[in-house]
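Some notes on the structure that comes next.
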Amino acid sequence: MTTIWASAKANSRTKTYKDYAKPLWQRTLMTTESAVILGLILVVAYASIAVNNFASDITLYYLLRDITPILIIALPMTLIILTGDIDLSVASILALSSVTFGMMVQGGWPVPLAIIGTLVVGLVCGAINGFLVTVVGLPSLAVTIGTMAAFRGIAQGLLGTTAITTFPEEWTNLTSMKIGSTGIPVLSILVLVLIIVFAVIMHFTPFGRGIFAIGLSKEAAEFSGVNVQRTKMILFLLAGLLSALAGIYLTLKTSTARAENGTGLELTVIAAVLLGGVSIFGGKGAMHGVIAGVFLIGTIESALRLANVTSDVSRIIVGTLLVLSVISPSILAWIRGRRRPASTPGTQTQAFLAKS
Amino acid sequence: MLFHTTGRRLGAAAAIAVTIALVASGCSGSSDPKSTDGASSGDSDLSITFLPKNLGNPYFDTSSKGGKAAVEELKGTFAEVGPSEAAPDSQVSYIQTAAQQGVSALVISANDPTAIGSALKEAMDAGTKVVTFDSDTDPQYRDLFVNQADAEGIAKVQVDMISDQIGDEGEIAILSAAANATNQNAWIELMKKDLEANHPNIKLVETVYGDDDDQMSFDKTAALLQTYPNLKGIVAPTTVGIASAARYLSTSDKKGKVAITGLGTPNQMRDYVEDGTVTEFALWNPEDLGYLAAFAGAALVDGTITGKEGDTFTAGKLGEFTVGADNTVLLGDPFKFNKDNIADFDF
């Protein structure tokens, strides 16, 4: 696998990538991820100067609370997109989890037990997706479009259009507790831990390298001993689990369990992941870019709202940004391709495999 | 390698440029809310934000017009924000924004009594006074509710109108919504009591239910007129029912002979008032409702009232109001619409 990696990263297979690597500063700074982070810094700086009331702890507080579900779901979504798959059912799993969590609490379950029960529901949803993708062998896009409708349908069937709105106050208060006098919610610590865990899995473990390898070339990964099916299964299970966690969070934050919770959230998550530099074709991306992408979308929306820009205009701006971020690599590849063919990592790997 | 690097650099530069351009153009367009809302800003720091169920709704356009007039009288800053769709939690981000902007008072018609509760509670913690109007939340999530009308007022105005229109004697019928509609049934009970006590010559012959369905209400009206040839009036305490009844009557030979009144909106009833089918009907005046809600918000901000029962404040041209039970202020008797004033309303 190391050899594949070397060939994918550098343009030679006779020497290791380190021999051909650019200087460290170039490798760290001249990346899409750095561009997103720089973009985020510039947006924050600009908004702090130009938008009244933006630079305040309450803005930070709302921002962190609003993006928490997006951040949580973006973690497994990043890994799934890295393998070249997608999961469109995450927001529906969130809704179903929200409803089941609400019903468990209403039915007298202690909250910790209801949380465990809800996480199991999320795992089951993830297992259904994973089964259909890995065992049955259907494309993840088709599977999760189906389960997206099915899971929300079940949620609506369970609760109808009503809502469960009574939750123990000590639990709902947990979502609004701040660290001292800062605007940082206490639960952000938990999210930070999750981010670190996922970043380590993604960048520093064989499992993570396997994920990248699957995205670059499924066949090559398989040849190199990566258990593709098991990896995919684990990723869909993780997506189910964390979507359920986001569902519990959202339910407690709004004190409302309802089947409409998180409508459209899957698109926001995917938008943030792609904006963060993860390639929709798989195999390329970094966790710090995704986190910056989530914050960038959240900050732009928050700043536009504060500037009294209507939600329609704000949606157009974020949408345009997303489209540009998704198509700009293709345009650049096309420009490069006109001058020098076969320069994308994927084609390099395939060329390497063909020769070896 | 060279092209690869250049490409990345280009990509990075392009991404940054786009981000800046978008945000800059987005913000510069309306970074000063005061100028875009066209409201007057005086010396005081009073800022009131109206958050209707959704924007582009004529009813709330009218209430915001009243709110804006009130805020201008108070020399404060007025703003109106809101979602395009009236979904349960679509107002949350606007509530948060109001709290971030530190507006003095938020006047909101709640899309859901609980879904926006925690956001409202946070806004109150941040120092924003919360006034609900038109549609209330659970009482714990707001400082004050400005109620458009109470059951007694609604029942009384309808009895008064029908007795005026038929000369205080003869047979009448009621065309209601669903048979189990709680508010409708409460009004009907109060109307029956009022008729018995104060209008002995009026006889209520039947109460029928159109289920707030246009065709069913239309058919029930036809049936009533056939069953009771001496019927002199129909009271429809539902906006769907009164419009359907008026539509049937306008093409029938009983037009002008049978009176129709009840609760309706000016836009639905305009044609029938102008062609003489309907003399007078009632609802509340959303413009006054918005006006009162803005004054109530201002009174909370300057400390004239805290929202507890018995507090009194003055609301400009509408006069003095007293806070009632459950931290509620009542606008007053329903507003009667007729040929003379219907042209002034568009909702």
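The values are calculated or read from the model by the stated rules, or taken from the named source; none is laboratory data. For clarity, every value in this text was computed on a predicted model and none was experimentally measured. Because the Cβ atoms are built from the backbone with ideal geometry, glycine has one as well, and the counts that use them run over all protein chains shown. These accessible areas exclude ligands, DNA and RNA; they are computed on the full protein's heavy atoms, side chains included. Shrake-Rupley method; radii C 1.70, N 1.55, O 1.52, S 1.80 Å.
Given the conditions (1) outside the structural domain of B:I202 (by the TED database); (2) surrounded by fewer than 20 Cβ atoms within 10 Å (Cβ to Cβ); (3) touching a residue at least 12 places away in the same chain (Cβ under 8 Å), and given that B:A294 satisfies all but one, which numbered condition is not satisfied? It is condition (2) that B:A294 fails.
Only one of the numbered conditions (1) open to solvent by 50 Å² or more (accessible area, probe 1.4 Å); (2) within 28 Å of B:G117 (Cα to Cα); (3) modelled with pLDDT under 95 is violated by A:E222, and that is (2). Taking helices (runs of 4 or more DSSP H) as the structural unit, those lying wholly within the stretch B:61-171 and holding at least 1 residues that are within 14 Å of chain A (Cβ to nearest Cβ) and crowded, with 21+ Cβ neighbours inside 10 Å correspond to B:92-101, B:117-125.
Going by what's in this entry, would B:E280 be described as open to solvent by 60 Å² or more (accessible area, probe 1.4 Å), modelled with pLDDT of 90 or more and either acidic (D, E) or within 19 Å of the chain's Cα centre (by Cα) (or both)?
For B:E280, the condition - open to solvent by 60 Å² or more (accessible area, probe 1.4 Å), modelled with pLDDT of 90 or more and either acidic (D, E) or within 19 Å of the chain's Cα centre (by Cα) (or both) - is not met.
If you scan the stretch A:202-214, which residues turn out to be buried (at least 18 other Cβ atoms within 10 Å of the Cβ) and within 16 Å of the chain's Cα centre (by Cα)? Within the stretch A:202-214, A:M202, A:G208, A:I211, A:F212 meet the criteria. Please indicate, with yes or no, whether at least one residue in the stretch A:103-118 is within 14 Å of chain B (Cβ to nearest Cβ) and among the hydroxyl-bearing types (S, T, Y). No, the stretch A:103-118 has no match at all.
Pick from B:T239, B:T312, B:T328: which is out of contact with any helix residue (DSSP H, G or I) (no Cβ under 8 Å at 6 or more places or on another chain), surrounded by fewer than 21 Cβ atoms within 10 Å (Cβ to Cβ) and in contact (Cβ under 8 Å) with a residue 40 or more places away in the chain?
Going through B:T239, B:T312, B:T328 in turn, just one is out of contact with any helix residue (DSSP H, G or I) (no Cβ under 8 Å at 6 or more places or on another chain), surrounded by fewer than 21 Cβ atoms within 10 Å (Cβ to Cβ) and in contact (Cβ under 8 Å) with a residue 40 or more places away in the chain: B:T328.
Somewhere in the stretch B:215-223, is a residue outside the structural domain of B:A86 (by the TED database), of a type in the set (K, R), surrounded by 18 or more Cβ atoms within 10 Å (Cβ to Cβ) and modelled with pLDDT of 90 or more? So far as the stretch B:215-223 goes, yes, one or more of its residues are outside the structural domain of B:A86 (by the TED database), of a type in the set (K, R), surrounded by 18 or more Cβ atoms within 10 Å (Cβ to Cβ) and modelled with pLDDT of 90 or more. Residues that are outside any helix (DSSP H, G or I) and open to solvent by less than 70 Å² (accessible area, probe 1.4 Å): does the stretch A:138-154 have at least one? No, the stretch A:138-154 has no match at all. Just one of (1) open to solvent by 10 Å² or more (accessible area, probe 1.4 Å); (2) at pLDDT below 90; (3) within 13 Å of chain B (Cβ to nearest Cβ) fails for A:A307. It is (1).
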